[in-house]
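First comes the structure, then the notes that go with it.
The values are calculated or read from the model by the stated rules, or taken from the named source; none is laboratory data. In this text the structure is predicted, and so the values were computed from the model without any measurement. Ideal geometry is used to build each Cβ from the backbone, glycine not excepted, and the neighbour counts take in all protein chains shown. Each accessible area value is taken on the protein alone, full model and side chains, heavy atoms only, with ligands, DNA and RNA left out. Shrake-Rupley method; radii C 1.70, N 1.55, O 1.52, S 1.80 Å.
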Amino acid sequence: MQDALPAAARELAAAPGGRERRRGADDSPDQEGAGTPEPIVAVHGTIVPVQIATLGDLMLDVIVRLEEPLVRGDDVRAHMRTGAGGQAANVAAWASSLGASARCIAKRGDDATGELVARELAGHGVELVGPVVDGATGVVVSVVGDDGDRSMASDRGVAPTLAPDELDAAWLECDVLHLSGYALLREPVSAAALLAARLARGNGARVSVDVAAWTEIRAFGPVQFRELLDTIAPDVLFATEAEWEMLGGAYLTAPTGVIKRGPRGCTVVTIDARLDLAPVEAQVVDATGAGDALAAGFLLGGSLEEAARRGLEAAARCVARVGSLP
C-alpha cells in the first residue's frame, strides 16, 4: 500500500495536485475519537525527523465535565479543567508528543490568557510563532456529558485577524503544513492560510486540512468552502462523517481523505484504496481533541495503515482523560 505522509522524504499518499474524484464513506453522525507511535520515519536507512507546522487558533480550553445534567436557572456539580487548546495548537502538541518537531502559527492577545496558553504549549515542546497584539485571546468552553461526548461554545478572540502580511516565510519551512478548517471561515485569516499553503508548497511541504465543524461550514456555505479547498488543493483532508457528507465527500478531490468515525474508528480513502479501521479500545472520559490527536498521528507518516493506526492510538489516549492536550 502506498505511503501516506511525506515526513521530509516520504510522499503524502499521492503526487501533489493529483486531483481525481473518489467515492465517499458511509454516512453517520458527527464525532471525533480513537499509544505508542513511531516518532521518526526511516527512509532508505536514514532517520528523518518530521517538521510539522500548524496554522489556526490558540485558545484557552475550558472543559466542564458534568456530574449531572444542567438545570435551567440552577447550579449543578462538575469537574473542570482549563489549559491550552484550539485545533492548531492541539495538533501541534500531539505531533510533538509523538516525536515530531512542531510549530504552531497563531495570533493571540497580550492578555493573561495568552500568556497562560503560550506557556503551556511551550511546555509540550511546541514552537509558538505569530503576532501578539492588544486584544483578547480566544476561549472555547466544552461541556462534556457522562458519555464523554461534548458540545462547544467558542469566542475566537483575535485569532481570525491574522493577516497575510503578518506571516514570516521562515515559519512555513516544514515537511507538512496542517491548516485548521476554522482558519478558512473568516477573513483575513483565510487569506493568511491560503498564502501559508503556497509558501509551504514552495518549500516542498505537503498540506493537510481539517475541515472543522459542520455547523460552521453550514453557516459559511458548503459550496464556498469547497471552492476554498479546491484552491488549497490539500494532499490530505480530515473530516467527520457529518462534515464529509455536507461537503459531498464523493466529489472532493484531495488525494487522501481521512474520515473520523468516532467510536467506529476511521476510514482512509484514496483514488484506489479504502481502508476501514476499528478504534483502539479506551474508556471514554472526554472526546475533546480526539480528532486532532488522530490527525497528528496520521501526519507522522508511514503506510496508510501505519499512519491511521498511530492516529487511532493517539486518539485513544486523548479520550481516556479530560482535556485536549497530551
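In whole Hz, with x marking every Gly and Pro, tabulate ³J(HN,Hα) for the stretch 161-172 from phi via Karplus 6.51 cos²θ - 1.76 cosθ + 1.60, θ = phi - 60°.
8, 4, 10, x, 6, 8, 7, 10, 4, 5, 5, 9
In whole percent, and with a 1.4 Å probe on the protein chains, what portion of the accessible area of the stretch 59-127 is carbon and sulfur?
46 percent
What's the ranking of 166-175, 313-322 by average number of surrounding C-beta atoms within 10 Å, highest first?
313-322, 166-175
Sorted from largest down, give the three principal axis spans of the alpha carbons of the stretch 106-156, whole angstrom values.
Largest first, the stretch 106-156 extends 37, 25, 16 Å along its Cα principal axes.
Using a cut-off of 15 Å between beta-carbons, work out the net charge of the residues near R77 (Lys and Arg +1, Asp and Glu -1, R77 not included).
Computed value for this residue: -3.
Obtain the nm distance between the two label points defined at S303 and M152 by a simple spin-label model: each point lies 7 Å from its Cα along the Cα-to-C-beta direction.
Going from the S303 label point to the M152 one covers 3.3 nm.
Long-range amide H contacts for A78: which residues qualify at under 5 Å (H placed 1.01 Å from N, peptide plane, sequence gap of 5 or more or a different chain)?
Sorted by chain and number, the residues that satisfy this are E67.
Over the stretch 271-326, how many percent of alpha carbon pairs lie in each 10 Å bin up to the one with the longest distance?
Final binned percentages: 28, 50, 19, 3.
Quick one: accessible surface of D292, probe radius 1.4 Å, all protein chains present, in square angstrom to the nearest 10.
Accessible surface of D292 is approximately 10 Å².
Could you check the simple spin-label distance between A122 and N203, using points 7 Å along Cα→Cβ, in nm with one decimal?
For A122 paired with N203, the spin-label model returns 2.1 nm.
Averaged across orientations, what area in nm² does the convex hull of the alpha carbons in the stretch 168-326 project?
9.2 nm²
Calculate I(q)/I(0) for the stretch 202-244 by the Debye formula, one identical point scatterer on each C-alpha and no solvent, and give its log10 at q = 0.17, 0.19, 0.31 Å⁻¹ to two decimals.
These q points yield log10 I(q)/I(0) values of -0.48, -0.58, -1.19.
Any idea what the relative contact order of the stretch 176-326 is, in percent, if you count C-alpha pairs under 8 Å spaced at least 6 apart?
Relative contact order comes out at 16 percent.
Using a 1.4 Å probe, how large is the accessible area of L70, given in Å² and rounded to the nearest 10?
120 Å²
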